[in-house]
Amino acid sequence: MSSHRYVAEYDDEDYQEYGEYEQQPKDPRRPYEDVESYEPYEPPFDDDLGVEDSRAGRGVRRVLSGAGGLILTPVALGLLAWGGLRQQMLVQATLSTQRDVFSIGLLVGGGILLLAVGLLGALSATGPILGGLVWGIAPGVATAAVPEWGFRLVKYLPQNDVTFGVTSWLFIGGLLGTGFLLVGAGLASRLARRRR
């Protein structure tokens, strides 16, 4: 099979019209030397204002969560302690198999409030952590270390069924365990937020 060599003939006018193409050797260290440089994109809004707004919003969330944790936690613990005491007095003390609807309602209400305190971690971890520390861990550790402090603490509370229920929770470690659970929920929400 014969090979034909085709030679393209160009007129000098073509070179003159488009200009002579001069191929210069490029430096391999600078392959994009001829590419135009573009300035980085600047957003139309000021970033500093966004940072300040997010910090302000974060502060409001912390305050709301902390206040909710400090207010709802003792109410939840009081309802749980009161309902637990009524159940204990009715079922264990009298060996009764009847159900006390009121004590069951107290237990459910206290559990829902504790759930609400845990869910405050979605706003900020401050609520569950503060509620657990102030109303659970601090009195629980103090009573375990020095039981006399627990009796002194109970004397400052009004003498009713709620106080008796809280006293039993305090000395059997119920408040301590609940406090650790709330603090753990708050820390878990904070760690999950940092990973995002």
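Nothing in this text is a laboratory measurement; each read-out follows from the coordinates by a stated rule. Everything quoted here is computed from the prediction, not taken from an experiment. No Cβ is skipped: glycine too gets one built from the backbone with ideal geometry, and neighbour counts run over all protein chains shown.
Observations on the model:
- Sparse-neighbour loop sites [chymotrypsin sites (Phe, Trp or Tyr not before Pro); the stretch 98-196; at most 11 other C-beta within 10 Å; DSSP]: TYR156
- With the simple spin-label model, which puts each label point 7 Å out from Cα in the Cβ direction, the ALA144 to ASN160 separation comes to 3.0 nm.
- Between the stretch 70-92 and the stretch 107-162, the alpha-carbon center distance in angstrom: 12
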